[in-house]
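Working notes, structure below.
The values are calculated or read from the model by the stated rules, or taken from the named source; none is laboratory data. Bear in mind the structure is a predicted one, so any value in this text is a computation, not a measurement. Here Cβ is always computed from backbone atoms with ideal geometry, including for glycine, and neighbour counts include all displayed protein chains. Note: areas computed on protein heavy atoms with side chains; ligands, DNA, RNA excluded. Shrake-Rupley method; radii C 1.70, N 1.55, O 1.52, S 1.80 Å.
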Amino acid sequence: MLNRLRCTGLLSKVICLERNSATGTAALVSAAGADSIVRVRKNKKMEKSTIGFFVLVLTIVQISNSLVEGLESTQIYDYTKYHPMDEIYKWMEDVERENPELVSSAVYGRTFEGKNITLLKFGLQNPEGKEKKVIWMDCGIHAREWIAPAFCQWFVKEIVTSYKTNKKLEQMLQNLDVYVTPVINVDGYMYTWVNTNTRIWRKSRSTPPSGNSCLGVDLNRNFNANWGTVGVSFDSCANTYCGKEAGSEPEATAVMDFVGKMVKKTLCFLTIHSAGQLILLPYGHPQISAPNYDELVSVGKAAAAEMKKLHGMGYTVGTSPQILYPNSGSSRDWARLVGIPFSYTFELRDKGEFSFLLPEDQIKPACEEAYAGALSIITYVHDKAFNSGAIPSAAVSGVAMVMLSSFMVVFLTTGVLL
């Protein structure tokens, strides 16, 4: 007679402890009974400790099962759904724990409400001990643009699941450290999850100036790049309110401080937004042009071509004044201004049908095409740096552009070019 005493899950099977009272044997078997995993014969000594023995075996099985579930957690994570912030935080912990040779994390700032601004860093040891360069990517600076954090998570998934079999990607990770922030505007993003009335909130959640009642700052108008000159509002109730001064918001300051310390070795700055299907390059001011404008356009168009190959979606490339609207104080402009040679804003799907409310069934195709575009740019800047060494010193170009920008701001504000 077989007595099934207890079952537990292990890998993809349900494992049960089964005792045969007729033969005096016991076994751990699959629930279907098709295979025996552990089989022991009962004797007098074992008879006295059968329960303890079985409990010990089951405990080991349960511990193993728990470990397996942890190791598989990022594989079963649903990348085709939007996730609230607590799930994203947990996912980041899982990614780091499961890929210790590749991934580390850092809290590099706090939001206005005191929440962690956390990044994941991806990189392999350089076999020749060479200095590594840096790629920066951030998402979720505008709270309502949910497809942006979804893409940062997708990007991470692609990296961790393919670098061991993709020799080119492995090489790039030996030469590059890739920093990814899934959500910069944590306060605003969490607020969009409160209810349907808060879903299209754009700004941060900082308190307004004295005498005003509207919360929040447009963080992508708060960076120290021609701040407050064009495409902004000084009305705290406006969606493009640029703050009291450049860098007044802790979220913007966190990025400027952290990336600013790595400027000399940073090759590329990618910031992910929606919507409009655009690849924007510096500058947002219509009267200022990047010194490597032609190359920025060329690299951007190559990325757009790769993106279109996947699902036929066209992405337009150009400066913000050319294809969208003038603006100032953006993170993209700040990055180019301080000397990062390649700086782009991706505006993901779509072109207005759903806008910031992009359905979940479009997450996968949107992220697939965005990954192709991002990888195209990253590959280009990597190959240029490590195959030809032609990228100019970021420090030199950064100083030059800060001076140029300062002169232009004075001219545009006063009408006098100093």
- Message: With an 8 Å Cα cut-off and a minimum separation of 6 or more residues, compute the relative contact order for the range 195-337 in percent.
- Response: 28
- Query: trypsin sites (Lys or Arg not before Pro), restricted to the range 290-382: which are DSSP loop and have at most 16 other Cβ atoms within 10 Å?
  - Reply: K351
- Message: For the range 222-282, what does the relative contact order come out to in percent, with C-alpha contacts under 8 Å and a separation of six or more?
- Response: 27
- Query: Averaged per residue, what accessible surface does the range 171-296 expose to a 1.4 Å probe, in Å²?
  - Reply: 35
- Short version: ³J(HN,Hα) in whole Hz for each residue of the range 358-364, in order, from phi by Karplus 6.51 cos²θ - 1.76 cosθ + 1.60 (θ = phi - 60°), x for Gly and Pro, what are they? 4, x, 5, 6, 9, 4, 4
- Message: Under 29 Å between alpha carbons: how many lysine pairs meet that in the range 252-352, if sequence neighbours fewer than 8 apart on the same chain are excluded?
- Response: 6
- Task: Can you check what the net charge comes to around N185, using other residues whose Cβ is under 14 Å from the Cβ of N185 (Lys, Arg +1; Asp, Glu -1)?
- Result: 0
- Of D138, D235, which has the most accessible area and how do the rest follow, probe 1.4 Å? D235, D138
- Relative to the compact-globule scaling 2.2 N^0.38 Å, provide the ratio for the alpha-carbon radius of gyration of the range 214-348. 1.04
- Task: Kindly flag which residue pairs out of K90/K203; K115/K364; K164/K384; K130/K364 have an alpha-carbon separation exceeding 27 Å in this structure.
- Result: K115/K364; K130/K364
